[in-house]
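*Asks:* Here it is, the structure, as structure tokens.
FYI, it's all coordinate maths here, none of it is from the lab. Nothing here was measured: the structure is a model prediction, and the numbers come from that model. Here the Cβ is made from the backbone with ideal geometry for all residues, glycine too, and neighbour counts use every protein chain on show.
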Amino acid sequence: MTTPAGTQNGSPRKKLRTHADNKVSVVLGSQWGDEGKGKVVDMLATAADIVCRFQGGNNAGHTVVVGGVEYDFHMLPCSIINKDCQSLIGNGLVVHVPGLFEEIKKNEAKGLTGWESRLLISDKAHMVFDFHQMVDGLQESEKGQGEIGTTKRGIGPAYTSKASRIGIRLGDLVGDFAIFEQKFKSLVEVHKKSYESLVVNVEAELERYRKYADILRPMVVETVSFLHNALKAGKKIMVEGANAAMLDIDFGTYPFVTSSNCSVGGVCTGLGIPPTKIGEVIGVVKAYTTRVGKGPFPTEQTNEIGELLCKRGKEYGVTTGRTRRCGWLDLHFLKYTNMINGYTALAITKLDILDTLPELKIAVKYKLNNKTLDYCPSSSSDWANVEVEYISVPGWQTCTENVREWSALPEAARHYIIQIQEILEVPIKWIGVGKGRESIITIQ
């Protein structure tokens, strides 16, 4: 009986080189989005070779401030500003091509250059068309009082096309255009049968996409092998989440959620990266809680506290401009998102927004029918009946915007951060105290 080459008595002679030590770092939203992930990614991307988006579409909104210039990103990874870093749009996204170019144009006007050589898009990423956006609006209208409050960017309908196996991918667009044309016409007909009021100028759309195909062709690649080869080559890869854990279609406050998995499992399916290659998982947490649109929000403050947080935090959606609902920090559901995502570290953002408050409250427990929960409810009716238990801590009533060292924070602010860390049992490594890239306190 023979043994494999390179072995002795059936045992390997030497350890195979597996590159197991090279892992991807992941940055995820831990609440209902709008936690300031863009700023954290922008900060950490200075040490990355490749930054990837893995789910969602232009329903996301990330703001990055560099050199006093405010950039807004929806589909582009926040790293696109970094001239030494490649930015990758993964297969898990749904891409609205006109919206992508509009986003690029707006940021070019603010100083973004050289993006063409740094942007890669998966050939497996599905496409969002204008008629998907129209359908999104029609579906919301049909729900009446039961509307979810979507961004109407066509994300849900595009993921529906994908799940129904009638979707169109970027690889189709940059491949044989005759096949793309056939698929596009078929997809339009499917939607027109369901929505008689839907009007699509098919020929005009095809002409528009023929031009897009020529521009996109050099950027659309097979990204699974690209990322695996990059890992083998020792490249530093960072993954940027959009939306957030409590908007995850499986684990969020369903049905008031997005249409993709924005928790850590989506990294594997949205990029083709195996679980064994995931290393650090950084959860981004706003120092209070906000939510855009409808859905449960147990710690919401529909009073002067909520108004103050909204005004000081400038809590208006990057994508839609809608006013965000505001409330106290909720550690109960952060424990839940930690169960799912397994954070290795946290970044706390917008601590400075709390500077003027004399007292702060932190939600630490949920009760339902007089029973303490160790999980988050799964039904809307249970969410509506949740009772919240708080602890109160003193505020610091001192400006923290210019603080850059942990020791220079007011004692009450340090106590607030320590409380969060002790209750969640996850180390806090970064604290944001302002908009800019430089407004970060790093805890060693």
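*Asks:* Given LYS152/LYS193; LYS162/LYS193; LYS286/LYS311; LYS110/LYS211; LYS152/LYS435; LYS236/LYS277, which pairs have Cα atoms separated by over 23 Å?
*Replies:* LYS110/LYS211; LYS152/LYS435
*Asks:* Rounded to the nearest 20 Debye, what is the dipole magnitude of segment 258-408 about its Cα centre when Lys and Arg each give +1 and Asp and Glu each give -1 at the C-beta?
*Replies:* 380
*Asks:* Continuing with this model, one more query. Does segment 234-353 come out rounded, prolate or oblate by the C-alpha gyration tensor, with a ≥ b ≥ c the root eigenvalues, rounded set by a/c under 1.5 and, if not, prolate when a/b is larger than b/c and oblate if not?
*Replies:* prolate
*Asks:* Can I ask one more? Using the Cβ atoms and a cut-off under 13 Å, what net charge is assigned to the surroundings of ASN58, where Lys and Arg are +1 and Asp and Glu are -1?
*Replies:* Local charge sum for ASN58: -1.
*Asks:* Please give the length that would be gained between SER381 and GLU207 if that part of the chain were fully extended, namely 0.36 nm times their separation in residues minus their C-alpha to C-alpha distance (nm, one decimal).
*Replies:* Taking SER381 through GLU207 to full extension adds about 57.8 nm, to one decimal.
*Asks:* Dipole of segment 361-412, Cα-centred, from +1 at each Lys and Arg C-beta and -1 at each Asp and Glu C-beta, to the nearest 20 debye?
*Replies:* 140
*Asks:* Taking amide H positions as placed in the peptide plane 1.01 Å from N, state which residues far from THR349 in sequence (5 or more) or on other chains have amide H under 5 Å from it.
*Replies:* Those qualifying (amide H under 5 Å, at least 5 residues apart or on another chain) are VAL285, LYS286, ALA287, GLY432.
*Asks:* Follow-up. Using a simple charge model, +1 on the beta-carbon of Lys and Arg, -1 on the beta-carbon of Asp and Glu, nothing else, what dipole does the chain show about its Cα centre, in debye to the nearest 20?
*Replies:* Charge dipole of the chain: 1120 debye, to the nearest 20.
*Asks:* Using the Cα centre of segment 347-404 as origin and beta-carbon charges of +1 (Lys, Arg) and -1 (Asp, Glu), tell me which of VAL364, LEU354, THR398 is placed farthest towards the positive end of the dipole.
*Replies:* Most positive-ward Cα: VAL364.
*Asks:* Could you sort 184-190, 77-83 so that the peptide with the highest average Cβ count within 10 Å comes first and the rest follow in order?
*Replies:* Per-residue Cβ counts within 10 Å, averaged per peptide and sorted highest first, yield 77-83, 184-190.
*Asks:* Output ³J(HN,Hα) for segment 277-287: one whole-Hz value per residue in order, computed from phi by the Karplus curve 6.51 cos²θ - 1.76 cosθ + 1.60 with θ = phi - 60°, and x for Gly and Pro.
*Replies:* Result, ordered by residue: 9, 8, x, 6, 10, 9, x, 9, 10, 6, 5 Hz.
*Asks:* Something else now. Would you mind getting me the FRET efficiency between LEU373 and GLU70? Use the beta-carbon distance for r and R0 = 56 Å, nearest 0.05.
*Replies:* Calculated value: 0.90.
*Asks:* To continue, here is another question. If you average the C-alpha positions of segment 22-77 and of segment 88-111 separately, how far apart do those two centres end up, in angstrom?
*Replies:* If we compute the Cα centre of each part, the gap is 13 Å.
*Asks:* What residues qualify as long-range amide H neighbours of LEU120, i.e. H under 5 Å apart, gap of 5 or more or another chain, H built at 1.01 Å from N?
*Replies:* For LEU120, whose amide H was placed from the backbone, the distant partners under 5 Å are SER87, LEU88, ILE89.
*Asks:* What is the distance in Å between the Cα centroid of segment 380-412 and that of segment 305-378?
*Replies:* Their Cα centres are 9 Å away from one another.
*Asks:* Of the options THR63, HIS228, ILE282, report the single residue whose Cα projects farthest towards the positive end of the charge dipole of the chain (beta-carbon charges: Lys, Arg +1; Asp, Glu -1).
*Replies:* The listed residue farthest towards the positive side: HIS228.
*Asks:* Between beta-carbons, use under 12 Å as the cut-off and find the net charge around GLY432, counting Lys and Arg +1, Asp and Glu -1.
*Replies:* Local net charge: +3.
*Asks:* OK, next. Please name whichever of CYS268, ALA413, ILE441 sits farthest to the positive end of the charge dipole of the chain, dipole taken about the Cα centre and charges placed at Cβ: Lys and Arg +1, Asp and Glu -1.
*Replies:* So the residue furthest toward the plus end is CYS268.
*Asks:* Further question: For segment 27-32, just list the computed ³J(HN,Hα) in residue order, Karplus coefficients 6.51, -1.76 and 1.60, θ = phi - 60°, integers in Hz, with x standing in for Gly and Pro.
*Replies:* Residue by residue, segment 27-32 yields 10, 10, x, 9, 10, 10 Hz.
*Asks:* Provide the per-residue ³J(HN,Hα) series for segment 328-341, in order, calculated from phi with Karplus coefficients 6.51, -1.76, 1.60 and θ = phi - 60°, each as a whole number of Hz, with x at glycine and proline positions.
*Replies:* 5, 4, 10, 7, 5, 6, 5, 4, 5, 5, 5, 4, 7, 9
*Asks:* For segment 147-206, take the alpha-carbon Rg, divide it by the Kirkwood Rh, and send me Rg/Rh.
*Replies:* 0.99
*Asks:* Run through all the Cα pairs of the chain and give the fraction in each 10 Å bin from 0, expressed as whole percent.
*Replies:* In whole percents, the pair-distance histogram is 4, 20, 29, 24, 14, 6, 2, 0, 0.
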